[in-house]
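Just below is one structure, and these are the notes that go with it.
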Amino acid sequence: MRELRSQLPKIDTILKEKIFKNHHRDLLKKITQDYIQTLRQTIINYDQIPSYEDILQKISKIYKQTLSPSLYPIINATGVIAQTNLGRSVFSPKLLEEILPLLSEYNNLEYDIQKGTRGERYKHIKNLVCALFECEDVLVVNNNASAVLLIINTFAKNKEVIISRGELIEIGGSFRIPEVIVCAGGILKEVGSTNKTHLKDYKNAITHESALILKAHKSNFKQIGFTQEVSLEELILLAQENNLIDYYDVGSGYITGIPNICEPSLIEIAKHNPSLVSFSGDKLLGGPQAGIIFGKKDLIAKLKENHLLRALRVDKFTIFALQATFRAYLENKFDDIPTIAMLNQSLETLFQKAQDLLNLIEKIPYLKCEVINLFSKAGGGSLPDKEFPSWGVSISHSRLKAQILGDKIRQKGLIGRIQNEQILLDMRCIQAHHLAQIYRIFIEIGN
Ligand SMILES: *Cc1c(COP(=O)(O)O)cnc(C)c1O
C-alpha cells in the first residue's frame, strides 16, 4: 500500500506546473493537498491511480469550480410565489433600473442636502409609509425577526410580554416567537390555551411586571373548529387602559392588490391606531428583505435610541428598494411589484402561457405533455389555506422516472413539483423569456 501511494505525484511538483503559473498559491496548494489526500485514502490498486495529466486536469477543474460564483438564476415552476428558499420576492427590471445607478454613486442616504448636515436614512421611507398607513412614524430593520427582537428588547427587557398560547408560533428557519422573546430579554407570559384565548385571560395576566401585549399572526397555519382569539381592537384598548404597549407582529402583511383574501390588510390594521406594528419587506409586500415597524412617534423614538438598532440597521440597497416598492403601491403600479403582479394574473394569461410552453416542448419526442389545472400558493409563511387557481403543464419522460427527471431539471435550474409520476410546472412565476430556457433544459436532458 505504501508503494502504491508513493506512485502519487509530489505536491511541490504539481504546484510548479506551468498551467498553474497564475493561480493563487495558497488556494492551489490547499486544493492540491486535499485532492492528493483523497486519492491516498481511496486507491487500493495500481489501476486506480490516475495519470499525471488527469491529476492536473482534475485539480484545474476543482480550482475553477472553487472560484466560480455559486449563485445563479432559477426558474420557479413550483407555483409558490414568495418561496423563501428561492430568495422570496423578486424585483422588477424597472425597479432595478431605478436603483442601480444609485448603488454605484455616493448619495444622500444620511445627508441633508438643504442644510449640509447629517440626515437620517429612515426619512427616505417615512413619508411614503406614513401616507399609506396614516401612522405617526416608521423604522426599518434588517428583517421582521429583527423587528420583534428590537421591540421586545426596548420595551420589555426583564418585564413580561403577554401573548396567547395559540400564537406561540414557529416559522421556517427555526424562528420561534417564545424563543425570540426570551433572547430579547423579555419574560414570556403565556395566556389562554392552544385553541381558545379570551380577553379575561389577558386581563388576569396583567401585573406591575407587564410591559407589552403581543399579538402574533399565525402566518403559516390555521386553526379551525372550537377556537377563539381576541381581536386587535380589544387588545389595543386593554393595553391603553393598563398603560401597556400593544404590538402586532403581522408577519407577512399585505397592502392591497391581492384578490379574494379574507384577512385585514395593513391599512385596515393601521386604522385601529395600534402602538406598534411590524411586518416583513419580502413576503407579500414584494420588496427587499426588511422588517418595517410603524406606530406611535414616541415609541419609534425609543426604538431608535436602542444600541441594538446599529446591529440591525439596513443597508442603502434596502432603503432604495423599499422606497421604490412603497412608491409603486402609492401609485397603484402593481405591475412593478412582481409578487403582486404574479398573484393577480388572470386565468386566461396563465392558460395562454401554459399553451405556449406546451407548443414548444410537445415537439420533443421523448416527452409527454399536457396543459393542466393547478393551484398556486402565496408562500413565505403567509395565507396557508389560500389556493390561487392556476394553469400549468404536466410532463413525463419516455424513459426517466419523474423523480430522476425532477433531479435533472433541478440541477439545470428548473424547479417544479412531482405528483403522480409527473413533473408539474406551474406557470404563475414563469415569465415569457423562461419558455425557451425550459425548452433547452429538456433538450439537454435527452432521451
Ligand atoms: C415571517 C414572520 C416573521 C419573520 O420575518 P422575517 O422577515 O422572515 O424575519 C416573524 N413573525 C411572523 C409572524 C412571521 O410570519
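Scan region 179-195 and tell me whether some residue there is polar (S, T, N, Q) and crowded, with 22+ Cβ neighbours inside 10 Å.
The answer is no; no qualifying residue exists.
Considering only region 21-48, state which residues are within 41 Å of the chain's Cα centre (by Cα), surrounded by 12 or more Cβ atoms within 10 Å (Cβ to Cβ) and not in a helix (DSSP H, G or I).
23, 24
Checking residue 214 against (1) of a type outside the set (Asp, Glu); (2) in a strand (DSSP E or B); (3) within 15 Å of the ligand (Cβ to nearest atom); (4) in contact with a Ser or Thr (Cβ under 8 Å, 6 or more places away or on another chain): exactly one of these is not met. Which one?
(4)
Taking residue 395, is it surrounded by 23 or more Cβ atoms within 10 Å (Cβ to Cβ), out of contact with any His (no Cβ under 6 Å at 6 or more places or on another chain) and over 30 Å from residue 171 (Cα atoms)?
yes
Is one or more of the residues making up region 390-403 in contact (Cβ under 8 Å) with a residue 60 or more places away in the chain and aromatic (Phe, Trp, Tyr)?
Looking through region 390-403, none of the residues is in contact (Cβ under 8 Å) with a residue 60 or more places away in the chain and aromatic (Phe, Trp, Tyr).
Scan region 238-288 residue by residue and report those that are among the hydroxyl-bearing types (Ser, Thr, Tyr) and within 20 Å of residue 148 (Cα to Cα).
247, 248, 252, 254, 265, 275, 278, 280 - these are the residues of region 238-288 that are among the hydroxyl-bearing types (Ser, Thr, Tyr) and within 20 Å of residue 148 (Cα to Cα).
Would you check which residues across region 141-180 are in a helix (DSSP H, G or I), over 12 Å from residue 213 (Cα atoms) and away from the ligand (no atom under 11 Å from the Cβ) and list them?
150, 153, 154, 165, 166, 178, 179
Name the residue that is farthest from the ligand (Cβ to nearest atom), counting only residues in region 197-210 that are under 12 Å from residue 163 (Cβ atoms) and not in a helix (DSSP H, G or I). Spell out how you get there, then give the answer.
So the first thing to find is which residues in region 197-210 are under 12 Å from residue 163 (Cβ atoms), and the list is 197, 201-202, 205, 210.
From the residues that got through so far, the ones that are not in a helix (DSSP H, G or I) too are 197, 210.
Details: 197: 16, 210: 21 Å.
Out of the qualifying residues, it is 210.
Can you go through 133, 91 and tell me which one is over 30 Å from residue 298 (Cα atoms) and at pLDDT 95 or above? Walk me through how you get there before you give the answer.
On the way: 133 fails: over 30 Å from residue 298 (Cα atoms).
Answer to the check: 91.
So, in region 49-73, how many residues would count as being farther than 13 Å from residue 32 by Cα and surrounded by 13 or more Cβ atoms within 10 Å (Cβ to Cβ)?
2
Hey, among 281, 291, 381, which residue is touching a Phe, Trp or Tyr at 6+ places or on another chain (Cβ under 8 Å), of a type outside the set (Val, Ile, Thr) and within 15 Å of the ligand (Cβ to nearest atom)?
The unique qualifying residue is 291.
Under 6 Å by Cβ, and 6 or more places apart or on different chains, what pairs join a residue from region 95-112 that is without any contact (Cβ under 8 Å) to a residue 40 or more places away in the chain with one that is surrounded by 10 or more Cβ atoms within 10 Å (Cβ to Cβ) and of a type outside the set (A, V, I, L, M, F, W, C)?
Pairs that qualify, where the first residue is without any contact (Cβ under 8 Å) to a residue 40 or more places away in the chain and the partner is surrounded by 10 or more Cβ atoms within 10 Å (Cβ to Cβ) and of a type outside the set (A, V, I, L, M, F, W, C), are 110/119; 110/121; 111/119; 112/119.
Within the bounds of region 385-403, is there any residue that is over 27 Å from residue 340 (Cα atoms) and acidic (Asp, Glu)?
no
Is it the case that region 381-392 has a residue that's on the phi > 0 side of the Ramachandran plot, modelled with pLDDT under 95 and in contact with a Ser or Thr (Cβ under 6 Å, 6 or more places away or on another chain)?
yes
Here is a yes/no grid of residues against (1) surrounded by fewer than 17 Cβ atoms within 10 Å (Cβ to Cβ); (2) assigned to a helix (DSSP H, G or I):
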site: 292; (1), (2): no, no
site: 303; (1), (2): no, yes
site: 318; (1), (2): no, yes
site: 350; (1), (2): no, yes
site: 368; (1), (2): yes, no
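Cβ-Cβ below 7 Å, separation at least six or inter-chain, first residue in region 145-162 and closer than 19 Å to residue 251 by Cα, second basic (Lys, Arg) and crowded, with 21+ Cβ neighbours inside 10 Å: which pairs?
Once the first residue is closer than 19 Å to residue 251 by Cα and sits in region 145-162, its partners that are basic (Lys, Arg) and crowded, with 21+ Cβ neighbours inside 10 Å give 161/189; 162/189.
Going by the structure shown, is residue 188 assigned to a strand (DSSP E or B), more than 30 Å from residue 332 (Cβ to Cβ) and either touching a residue at least 12 places away in the same chain (Cβ under 8 Å) or of a type outside the set (Lys, Arg) (or both)?
Details: assigned to a strand (DSSP E or B): yes; more than 30 Å from residue 332 (Cβ to Cβ): yes; either touching a residue at least 12 places away in the same chain (Cβ under 8 Å) or of a type outside the set (Lys, Arg) (or both): yes.
Against the criterion (assigned to a strand (DSSP E or B), more than 30 Å from residue 332 (Cβ to Cβ) and either touching a residue at least 12 places away in the same chain (Cβ under 8 Å) or of a type outside the set (Lys, Arg) (or both)), residue 188 qualifies.
Residue by residue through region 417-442, note down the ones that are part of a loop (DSSP other than H, G, I, E, B) and out of contact with any strand residue (DSSP E or B) (no Cβ under 7 Å at 6 or more places or on another chain). Give the derivation first.
So the first thing to find is which residues in region 417-442 are part of a loop (DSSP other than H, G, I, E, B), and the list is 420-421, 427-433.
420, 431, 432, 433, listed by residue number.
It is to be established whether one or more residues within region 265-282 are surrounded by fewer than 18 Cβ atoms within 10 Å (Cβ to Cβ), within 22 Å of residue 341 (Cα to Cα) and not polar (S, T, N, Q).
Checked region 265-282: at least one residue is surrounded by fewer than 18 Cβ atoms within 10 Å (Cβ to Cβ), within 22 Å of residue 341 (Cα to Cα) and not polar (S, T, N, Q).
When you check residue 128 against the structure, is it more than 25 Å from residue 251 (Cβ to Cβ), surrounded by 12 or more Cβ atoms within 10 Å (Cβ to Cβ) and among the hydrophobic types (A, V, I, L, M, F, W, C), yes or no?
On the way: more than 25 Å from residue 251 (Cβ to Cβ): no; surrounded by 12 or more Cβ atoms within 10 Å (Cβ to Cβ): yes; among the hydrophobic types (A, V, I, L, M, F, W, C): yes.
No, not satisfied.
Quick one: in region 235-261, which of the residues that are farther than 25 Å from residue 282 by Cα and buried (at least 17 other Cβ atoms within 10 Å of the Cβ) is nearest to the ligand (Cβ to nearest atom)?
Checked region 235-261; the qualifying residue nearest to the ligand (Cβ to nearest atom) is 235.
Condition check: of a type in the set (Asp, Glu), more than 30 Å from residue 425 (Cα to Cα) and part of a loop (DSSP other than H, G, I, E, B). Does residue 98 satisfy that?
Answer is no for this residue.
The values are calculated or read from the model by the stated rules, or taken from the named source; none is laboratory data. These numbers come from a predicted model, not from an experiment. Cβ coordinates were reconstructed from backbone atoms using ideal geometry, including for glycine residues, and neighbour counts include every protein chain displayed.
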